[in-house]
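**Student:** Structure provided below as C-alpha cells; questions to follow.
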Amino acid sequence: MIPGDPALTIAGVDAAESDIQAIRAKLGTDKPMLNQYLEWIWDVFRFDFGTSLTSGRPVSDLIMERFPLTLTLAVLGILLSIVIAIPLGVISAVRRWSFWDYLGMLFSQAGMAIPSFWLGILLLMLLSIKYRVFPLFGSGSINHLILPSISLGIARAAVLLRLTRASMVEELSKEYVITARAKGLTERMVNYKHALRNALLPVITIAGIQLGYMLGGAIIIEQVFSLPGLGRLFLFAVYQRDFPLIQGGVVFVAFVFSFINFAVDILYSVLNPKIRIS
Amino acid sequence: MKKSLFITLAVAMSVMLLTGIAGAKELNFALSGSPDSLDPHKTSGTLTFQTLKSVYDTLAEPDQTGKIVPALAEKWDISADGLTWTFTLRKGVVFHNNDKLTSQDVKATFERIQNKETGSPNANEFAPITSIETPDDTTVVLTLSAPSAPLLGTLASGWGAILPQSLIASNHDFAAEPVGTGPFKMTQWIRDGKIVLEKNKNYWMKGLPKLDKVTMHIIPERAVQVQGLISGQVDVSYLVDHEDEPLLNSSPDVEVNKVLTSLILVMPMNCSRPPLDNPKVRQAITHAIDKQKVLDVAHGGGKPIGTFMDYGNAYYKDFTDLYPYDPAKAKKLLAEAGVDKDREFEMFLPQNYPPHVKAGEIYQAMLTKVGLNVKIKLVDWSTWIGDVYKKAKYDFTVIGHTGKLDPNGTLANYGTVKRYVRWDNPKAAELIATAAKTDGFENRKKLYDQALQIMAEEAPFMYLGSSYRRIGTRKNVSDFRMTPSLDTFDFRWTDVK
C-alpha cells in the first residue's frame, strides 16, 4: 500500500488533529480500505469515477478538460513520426547502404539517443527565445503544440524508422517478391504495391502502442512546455494521494489503450486483404 | 466654425478611446504550480492563498510591516475581559456578484468554517468563537469562550476570507469559481495553464488596483521562467533561484530583489529516540554544523537564527552565539555523553524540496566529521507528512517552517510530545500556553523570550536560519508586493509603465 494520507496533504502541517479527522470523514478515507475500494468499483460500473479529493471536482471533468490537449499533442506527434519514419525507412531499405540509408540510420541513432525533454529545451531556446517563432509557454492554440509534438515525434520517428527499414528489408527478401519480379513487374510496383503493404503491419502495431502511451500524457514534455495535459494531472494526483483521480486515470488510460489496439486491428484488415478474408 | 468644433471633438474622443485601449495595463506573472482548489476554507495550499489574496478580503490584514490593520472591518473593539470582540464593517463594499457586504456575510462565512462538513483545515483556529451576533448590517459581535490573542492573526490570514452569504446558502462551487470583494475578479482558470484576474472597478480602496489585468501563467520549469523574464514574456517571477541570479542581472531589463523570508529553516531531532533524548548530544550536533555555510550553499544566503523564530519577526530574539560552529567541542560533548559509534542515524529528506535535500547532504558530511553515522533517506511529501511529521518515525529530518502572523501559530504545543520533535518540556509548554491568552505585545514578548530561550538552550532542533527570496521583475514594473509572513501576492499597488 502506498504510504501517506490525503487528509494530511490537504490539511497541511499546521492543522489540528480534530480538523484532520473532519477532513478524513468528509473524504470518506476514514472507512476501511476494502469498503472504499468496493464502493469505488460499484460507482465505476455506473460510469461514476467519483470526485477528486484535493480539488473537489468530478474526476471525469478533470480528465476531459485535459484530454483534448493531450489527444492533439499525441496525434500530431505520431503523425510527424510517421511522416518522417516511413518514407525514410522505405528508402533506406530499398537503397541499402546508399547515402539516404546512412542519413536515415544517423537520424534514427540520434533520435533514440537524444532525450525528448532536452530536444524540447533546445527547440525552445532556438525557436522561442532566439527567433521568436513559437510561444515560450502557454496553451490554447496549435502554435503552442508544434514544438512539443516535434520533441515527442522525433524520438518515436527514430524507433519507427528502424522498424520500417528492418521490416521492409525482410519482405524484400521473401519469395513472393522474387516471383513478382520474375513476372516482370516494375521495381516500383514490387516495392510499393507488394512489399510495403506487408512491411507496414508491424510498424502500424508499434505506432499504435506509442500513440496509446502518449495519450496517457507526456509528463516531462508537459513540464518543459508548461502544458496542462494529462501527465501532470496524474503526476500530482500521485503526489497528493488523490486516490479517486489516480484510479480514474488508470482506468481511463487502460480504456484508451484498448481502444487504440482495437482500432489498429481494424486498420490491419484494411491494409492486409489476408486478414479481411479469414 | 461648427464643423471644426465637431472635428476637434471627434479627434479628442478617438484619442481618448485609443489611449483607453493602449493604456490597459496588464501584468504577466509566473506561477510555479497550479492551486488544487480555490476554496479558501477547504485547503492549506500556499498557492491557493497566494492567488486568492487578490480575489478575497479579510476583516483585518497585515500591512507591509506585518502590523495588523483594518480591511473589511473599519475598526474593532475588544472588551476588557477579552471575550467580546465587536467589528464595525466598512460601508459600500460590494462582492463581485454585486451583493452588498453586510454582517450576515461575515456570520455565514465563519459558520461555514466552523461547520464540520466543510472540513476546513483551520476550523480549530475559529474554535474559541462560541457565538456570532449581528445587531445591524455593519456590526458583528463575536463572543469567545476564552481570551485568544492569536484570533486576530487568524482573521487577517487567507483562510479568514469573507464569502457572500447568498452563495454560501446556494452551495456555490467556490473551489472552481471564487466570488469575493477583492481587488480583482477571477475570470478564467485553466488548471496547470493560467489564471486570469481582471480589475474590480468597485474595489473599496480608492484608486486601486492600478492594473487592469493580471495573467498568472503556470510555468513549472525554472529555466522557462528565467527566459520569459529576459525576453519580456514574463513581468514578475517570485521564486528566482540563486543560481539564476547572475544570468538575470546581466539582462538590462530585469532586476532581482532579495528579501528575507519568514522561513524558520531547521534540522529537527527526534528527542524521544536515544541518544537524542540527551540535551548534551543535541547541543553537540548544533556545534557540529556551520550554519552560515549551509545557508550559503543550499539556500543562496540567509541569516542564522539561534531559536525557533524567523529572523524578521518582531518576537525574534538572538541566541546565535549560544552554540557556535565548533567541531572539536562537538566531538568532546559526544564523547562525554557516551554516544555509541555504531548507532546509525536516519535522516529523512523531502525530495520535493531540493534546497532541503542539499542542506541534508551537507549536514550528513558535517556530522560524519564529528564521528556520527548518518544515513540519508529520500521520501516524497505525503510520506514525509504522514511518517515523519505525524508519526515521528525519524532521527533527523530537514524542513522549513513558514512564518505566521501570530507567534502562537509557530509555537503552539511545543514543549509537549504532540509536536514532531517529541520534546517534552512542561516549562516551555506552560509559557507558550500562557502567552496565547495574554494581551499586549510587551507582555507577550516577555513570555515568548523565556520560551525561546529554553528552546535555544535545549535544542530540539538545530536552528539554521531564515533564507532570502529573490523576486525577478522587469524594470517597467513597480511596486509588486508580498504580504509579510503570509507570503501572498499583493498586486493592488503594482503598476506597469
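**Student:** Of the residues A:L62, A:L71, A:L80, which is among the hydrophobic types (A, V, I, L, M, F, W, C), touching a Leu at 6+ places or on another chain (Cβ under 7 Å), surrounded by 18 or more Cβ atoms within 10 Å (Cβ to Cβ) and touching a residue at least 40 places away in the same chain (Cβ under 8 Å)?
**Tutor:** So the residue among A:L62, A:L71, A:L80 that is among the hydrophobic types (A, V, I, L, M, F, W, C), touching a Leu at 6+ places or on another chain (Cβ under 7 Å), surrounded by 18 or more Cβ atoms within 10 Å (Cβ to Cβ) and touching a residue at least 40 places away in the same chain (Cβ under 8 Å) is A:L62.
This table checks each residue for (1) modelled with pLDDT under 90; (2) closer than 19 Å to B:N124 by Cβ; (3) within 23 Å of the chain's Cα centre (by Cα); (4) crowded, with 17+ Cβ neighbours inside 10 Å.
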residue	(1), (2), (3), (4)
B:D395	no, no, no, yes
B:L405	yes, yes, yes, yes
B:N408	no, yes, yes, yes
B:E430	no, no, no, no
B:Q453	no, no, no, yes
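**Student:** Tell me which residues, restricted to the stretch B:403-449, are basic (K, R), under 25 Å from B:L83 (Cα atoms) and part of a helix (DSSP H, G or I).
**Tutor:** Passing the criteria: B:K437, B:R444, B:K445, B:K446.
**Student:** For B:K185, which of the numbered conditions (1) over 25 Å from the mean Cα position of the chain (by Cα); (2) part of a strand (DSSP E or B); (3) among the basic types (K, R) fails to hold?
**Tutor:** In the conditions (1) over 25 Å from the mean Cα position of the chain (by Cα); (2) part of a strand (DSSP E or B); (3) among the basic types (K, R), B:K185 misses (1) alone.
**Student:** Does B:K75 satisfy the criteria of being out of contact with any Cys (no Cβ under 9 Å at 6 or more places or on another chain) and either surrounded by fewer than 22 Cβ atoms within 10 Å (Cβ to Cβ) or of a type in the set (A, V, I, L, M, F, W, C) (or both)?
**Tutor:** It is true that B:K75 is out of contact with any Cys (no Cβ under 9 Å at 6 or more places or on another chain) and either surrounded by fewer than 22 Cβ atoms within 10 Å (Cβ to Cβ) or of a type in the set (A, V, I, L, M, F, W, C) (or both).
**Student:** Next question. Which ones in the stretch B:177-210 are under 18 Å from B:L31 (Cα atoms), more than 14 Å from every other protein chain (Cβ to nearest Cβ) and not polar (S, T, N, Q)?
**Tutor:** Correct list: B:F184, B:K185, B:M186, B:L197, B:E198.
**Student:** For B:S54, only one of the following conditions fails: (1) of a type in the set (G, A, S); (2) surrounded by fewer than 24 Cβ atoms within 10 Å (Cβ to Cβ); (3) farther than 21 Å from A:S52 by Cβ. What is its number?
**Tutor:** Answer for B:S54: the failing condition is (2).
**Student:** Is it the case that the stretch A:193-201 has a residue that's in a helix (DSSP H, G or I), over 27 Å from A:G12 (Cα atoms) and basic (K, R)?
**Tutor:** yes
**Student:** Give all pairs with beta carbons closer than 7 Å in which a residue from the stretch A:230-247 that is at pLDDT 90 or above meets a residue that is among the hydroxyl-bearing types (S, T, Y) and in a helix (DSSP H, G or I); count only pairs at least 6 apart in sequence or on separate chains.
**Tutor:** Matching pairs, first to second residue: A:L230/A:T70.
**Student:** Ok, one more. Which one of A:Y239, A:Y268 is away from every other protein chain (no Cβ under 14 Å) and among the hydroxyl-bearing types (S, T, Y)?
**Tutor:** The conditions single out A:Y268.
**Student:** While we're looking at this one, here's another question. Please go through (1) touching a Ser or Thr at 6+ places or on another chain (Cβ under 6 Å); (2) within 23 Å of B:G119 (Cα to Cα); (3) among the small types (G, A, S); (4) surrounded by 24 or more Cβ atoms within 10 Å (Cβ to Cβ) for B:G182 and return the number of the only condition it doesn't satisfy.
**Tutor:** (2)
**Student:** Also: With the requirement that a residue be touching a Gly at 6+ places or on another chain (Cβ under 9 Å) and buried (at least 18 other Cβ atoms within 10 Å of the Cβ), what does the stretch A:41-52 give you?
**Tutor:** A:F49, A:G50, A:S52
**Student:** Among the residues of the stretch A:124-139, write down those that are closer than 12 Å to B:G228 by Cα and part of a loop (DSSP other than H, G, I, E, B).
**Tutor:** Those that are closer than 12 Å to B:G228 by Cα and part of a loop (DSSP other than H, G, I, E, B): A:R132, A:P135, A:L136, A:F137, A:G138.
**Student:** Only one of these conditions is not met by A:L227: (1) at pLDDT below 90; (2) within 30 Å of B:R222 (Cα to Cα); (3) crowded, with 18+ Cβ neighbours inside 10 Å. Which number is it?
**Tutor:** Going through the list (1) at pLDDT below 90; (2) within 30 Å of B:R222 (Cα to Cα); (3) crowded, with 18+ Cβ neighbours inside 10 Å, A:L227 breaks only (1).
**Student:** Also: Across the stretch B:145-176, which residue is surrounded by the fewest Cβ atoms within 10 Å (Cβ to Cβ) among those that are within 24 Å of B:T46 (Cβ to Cβ) and away from every other protein chain (no Cβ under 14 Å)?
**Tutor:** Restricting to residues being within 24 Å of B:T46 (Cβ to Cβ) and away from every other protein chain (no Cβ under 14 Å), the top hit is B:L152.
**Student:** From the list B:K427, B:K331, B:K446, pick out the single residue that is farther than 23 Å from A:T9 by Cβ, away from chain A (no Cβ under 14 Å), without any contact (Cβ under 8 Å) to a residue 24 or more places away in the chain and of a type in the set (K, R).
**Tutor:** B:K446
**Student:** Also, quick follow-up: Is it fair to say B:L229 is away from every other protein chain (no Cβ under 12 Å) and either under 15 Å from B:L27 (Cβ atoms) or not in a strand (DSSP E or B) (or both)?
**Tutor:** For B:L229, the condition - away from every other protein chain (no Cβ under 12 Å) and either under 15 Å from B:L27 (Cβ atoms) or not in a strand (DSSP E or B) (or both) - is not met.
**Student:** If you don't mind, another one. Look at the stretch A:3-53 and say how many of its residues are among the small types (G, A, S), under 30 Å from B:K404 (Cβ atoms) and not in a helix (DSSP H, G or I).
**Tutor:** 5
**Student:** Give the stretch B:380-412 a look and list any residue that's among the β-branched types (V, I, T), closer than 20 Å to A:Q21 by Cα and more than 8 Å from every other protein chain (Cβ to nearest Cβ), or say none.
**Tutor:** B:V388
Every residue, every condition in (1) aromatic (F, W, Y); (2) crowded, with 23+ Cβ neighbours inside 10 Å; (3) touching a residue at least 40 places away in the same chain (Cβ under 8 Å), yes or no:
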| position | (1), (2), (3) |
| --- | --- |
| B:V224 | no, yes, no |
| B:S237 | no, yes, yes |
| B:S250 | no, no, no |
| B:P274 | no, no, no |
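**Student:** Looking at B:F110, B:F87, can you tell me which residue is in a helix (DSSP H, G or I) and either away from every other protein chain (no Cβ under 14 Å) or in contact with a Gly (Cβ under 8 Å, 6 or more places away or on another chain) (or both)?
**Tutor:** Result of the check over B:F110, B:F87: B:F110.
**Student:** Now, a different point. I'd like to verify a number: residues in the stretch A:1-13 that are more than 7 Å from every other protein chain (Cβ to nearest Cβ), touching a Lys or Arg at 6+ places or on another chain (Cβ under 9 Å) and modelled with pLDDT under 85, how many?
**Tutor:** The number of residues fulfilling the criteria is 1.
The values are calculated or read from the model by the stated rules, or taken from the named source; none is laboratory data. Note that this is a predicted model, so its numbers are computed, not measured. Every residue, glycine as well, gets a Cβ built from its backbone with ideal geometry; the counts of neighbours run over all protein chains shown.
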